[in-house]
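The numbers here are math on the coordinates, done by the rules we state, and not lab data. What you see is a predicted model, and the numbers here were worked out from it, not measured in a lab. Backbone-built Cβ (ideal geometry, glycine too); neighbour counts: all protein chains shown.
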Amino acid sequence: MRDFSRAEKALKAEGLRITRPRLVVYDYLLDNKTHPTCDQIYHSIVNDYPHISFSSVYNVTEKLSNSGLILKLVSPCGEMHYDSTNCFHGHFYCLKCSCVLDLDLPDVKSFYKPISGSTTTSITISAEGICPMCSKNEQVN
Ligand SMILES: [Zn+2]
Ligand SMILES: [Zn+2]
């Protein structure tokens, strides 16, 4: 039996109702920092939790990203990826294998100049290219 206390604590702190799919999906994201898609999350948990449907995985990721507990990222090809690291960081998208890697960034807020009269609700920094693994494989071939 898995220990969901970490996930339970975080959901409670956000004022979110505790449900089995929320615990399972969020716990999975805490352990897997690979920015999985709903499809990948579903296929990774379905053997252990056959009663959780694809649509409940989708509903949970929507709910948790709307609440700010997880980040929802849209890749250059339009796929949604989810990230339990919700503090500010950037992302690198590989155009070959579609992996998403974290970018460590300096504190952008210190040099960010908002447009006068505007309100900024989020800042996103992303890069795309070929990841180290794909670059390596290209050299071999
Ligand atoms: Zn790659
Ligand atoms: Zn990330």
> Using a simple spin-label model with points 7 Å from Cα along the Cα→Cβ vector, what separation in nm is obtained for Lys96 and Asp39?
Replying inline: 2.0 nm
> Just the projected area, averaged over all directions, of the convex hull on the alpha carbon atoms of the chain: how many nm²?
Replying inline: 11.4 nm²
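What ranking, highest mean first, results for peptides 133-140, 56-63 when packing means the other Cβ atoms within 10 Å averaged over each residue?
Details: 133-140: 10.6, 56-63: 19.6.
Listed from highest to lowest mean packing, they are 56-63, 133-140.
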>> With the crude spin-label approximation of a point 7 Å out along Cα→Cβ, what separation in nm comes out for Met133 versus Asn66?
In response: 3.3 nm
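Beta carbons within 10 angstrom, averaged per residue: use that to sort the peptides 74-84, 27-37, 111-121, highest first. List each step's numbers first, then the result.
Values: 74-84: 16.2, 27-37: 18.1, 111-121: 6.8.
Going by the mean number of other Cβ atoms within 10 Å, highest first, we get 27-37, 74-84, 111-121.
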>> Quick one: 3J(HN,Hα) in Hz for segment 47-60, Karplus 6.51/-1.76/1.60 with θ = phi - 60°, rounded, Gly and Pro as x.
In response: 5, 7, 10, x, 7, 8, 7, 4, 5, 6, 4, 4, 4, 5
> Along the positive direction of the dipole of segment 5-74 (beta-carbon charges: Lys, Arg +1; Asp, Glu -1; about the Cα centre), which of Gly15, Tyr28, Asn66 reaches farthest?
Replying inline: Gly15
